[in-house]
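The values are calculated or read from the model by the stated rules, or taken from the named source; none is laboratory data. Just so we're clear, the structure is a prediction, and the values are computed from it rather than from any experiment. In this analysis, Cβ positions are derived from the backbone assuming ideal geometry, glycine residues included, and neighbour counts consider all displayed protein chains.
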Amino acid sequence: MDLRTAAEDLEVLGLSKVGDIKKGAYNAFKYPEGATFGDHIMVKPNAHMAIDFFGYLYDMPAVPEQGIKEGYVSDHFAVYTELRLGTKPSYGEFYGLDK
């Protein structure tokens, strides 16, 4: 299961928070809002975890003291998530997804 889809479904129930996902994660160094969802975090429905947050890191701020200019560091935006591992029951069981 794609963690983004699970987080979006759970957000509707008030059980997760989805950050700015705009239009995707692929930017080809020219799409500030992304173009497609090419990067995924896959999970099994029987995983014992809670999805607290899912989003993408779109902004690349400058760090002049390290010689880093503002802009893209990759042709993909980073996938960012906050999970709690070891929850009982598994999230699939808790949300009725593990059948």
Please work out which residue is surrounded by the fewest Cβ atoms within 10 Å (Cβ to Cβ), limiting yourself to the range 3-27 and to residues that are of a type in the set (Lys, Arg) and closer than 15 Å to MET49 by Cα. LYS17
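Check the range 35-45 and report whether any residue there is among the acidic types (Asp, Glu), modelled with pLDDT under 85 and surrounded by 13 or more Cβ atoms within 10 Å (Cβ to Cβ). Can you show your working first?
First, pick out the residues of the range 35-45 that are among the acidic types (Asp, Glu): 39.
Still in the list and also modelled with pLDDT under 85: 39.
With surrounded by 13 or more Cβ atoms within 10 Å (Cβ to Cβ) added as a condition, the list becomes 39.
Within the range 35-45, one or more residues are among the acidic types (Asp, Glu), modelled with pLDDT under 85 and surrounded by 13 or more Cβ atoms within 10 Å (Cβ to Cβ).
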Looking at this structure, is ASP2 in contact with a Ser or Thr (Cβ under 9 Å, 6 or more places away or on another chain) and among the acidic types (Asp, Glu)? no
